[in-house]
Amino acid sequence: MFNQLPWVERKFDFNFHVEIFPSVLERFRGVPARLEEITKDIDEDILIFKPDGKWSMKEHAGHLFDLEELGEKRFDDYMKGKEILSSADITNKMTSEADYNQKDIRDIIKLFRGARERIVHRLENLLTKEQVSLTAIHPRLNQEMRIIDWVYFMAEHDDHHLASIRLIKNYFQNH
């Protein structure tokens, strides 16, 4: 199975125009539908398979849902003019304790879709360049991010996990 670069080793350059915000937001909005498509009609034993002891497809999906709470906090950080965004729990305790392998994938996706719709609704109200350009420091990366950069960063994180799910799916389809 192909190994991705670990998420925490990723580096980012945010040098795009704020005018692409609608496209970035559209990518961000579409993650639950893509997750649903990737996991559709997958046998339960594959959904809970943990390659090399790493997360299963269900755990990756649950992790995406878990991080929506952090997304809401960070959105509020921007709106309150905070200098530094709220920190993530890099131990992923919430995901580890949620026991997602015992839950129905459709329920996980439904929770994720609802949470994502809430934050997208909030972001859609940021239609001015000035608002999309509000900045704060990302605590782990220690670099300034505009709101557009932050949404792009979250979409990249989502795609990292969707790719992990797809790698598990492809492994079983090819063996």
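Before moving on, here are some points about what is shown:
- Meets criteria (among the small types (G, A, S) and under 16 Å from the mean Cα position of the chain (by Cα)) for G71: yes
- Region 93-111, residues that are more than 17 Å from the chain's Cα centre (by Cα) and closer than 16 Å to L162 by Cα: R106
- Leading residue by the ranking (surrounded by the most Cβ atoms within 10 Å (Cβ to Cβ)) among those in region 1-48 that are among the polar types (S, T, N, Q) and not in a loop (DSSP other than H, G, I, E, B): T39
- Selected residue (criterion: nearest to M79 (Cα to Cα)) from residues of region 119-175 that are in contact with a Ser or Thr (Cβ under 9 Å, 6 or more places away or on another chain) and basic (K, R): R146
- A search for C-beta distances below 6 Å between a residue of region 90-109 that is closer than 9 Å to G62 by Cα and any residue that is in a helix (DSSP H, G or I) and small (G, A, S), counting only pairs 6+ apart in sequence or on different chains, returns T95/G62; A98/G62; Y100/G62; I108/A61; I108/G62.
- Candidates are the residues of region 115-138 that are outside any helix (DSSP H, G or I) and among the aliphatic types (A, V, I, L, M); the one that is surrounded by the fewest Cβ atoms within 10 Å (Cβ to Cβ) is L127.
- In the condition set (1) surrounded by fewer than 19 Cβ atoms within 10 Å (Cβ to Cβ); (2) touching a helix residue (DSSP H, G or I) at 6+ places or on another chain (Cβ under 8 Å), H175 is compliant with all but (2).
- Matching residues in region 58-75 - criterion: being among the basic types (K, R) and within 24 Å of A136 (Cβ to Cβ): K73, R74
- Cβ-Cβ under 8 Å pairs, at least 6 apart or on other chains, region 1-12 side within 28 Å of Q173 (Cα to Cα), far side surrounded by 10 or more Cβ atoms within 10 Å (Cβ to Cβ) and at pLDDT below 75: none
- Options R74, R106: the member that is surrounded by 18 or more Cβ atoms within 10 Å (Cβ to Cβ) and either at pLDDT below 95 or not polar (S, T, N, Q) (or both): R74
- Flag for A98 being closer than 20 Å to I46 by Cα, in contact with a helix residue (DSSP H, G or I) (Cβ under 6 Å, 6 or more places away or on another chain) and buried (at least 18 other Cβ atoms within 10 Å of the Cβ): yes
- Top-ranked residue in region 144-155 [being over 14 Å from E68 (Cα atoms) and surrounded by 14 or more Cβ atoms within 10 Å (Cβ to Cβ); ranked as nearest to the chain's Cα centre (by Cα)]: Y152
- Among the residues making up region 49-81, those that are within 30 Å of Q131 (Cβ to Cβ) and part of a loop (DSSP other than H, G, I, E, B) are K80, G81.
- A88 satisfies every condition listed in (1) surrounded by fewer than 19 Cβ atoms within 10 Å (Cβ to Cβ); (2) assigned to a helix (DSSP H, G or I); (3) touching a Lys or Arg at 6+ places or on another chain (Cβ under 9 Å); (4) among the aliphatic types (A, V, I, L, M) except (2).
The values are calculated or read from the model by the stated rules, or taken from the named source; none is laboratory data. Quick caveat: nothing in here was measured; it's all calculated off a predicted structure. Here Cβ is always computed from backbone atoms with ideal geometry, including for glycine, and neighbour counts include all displayed protein chains.
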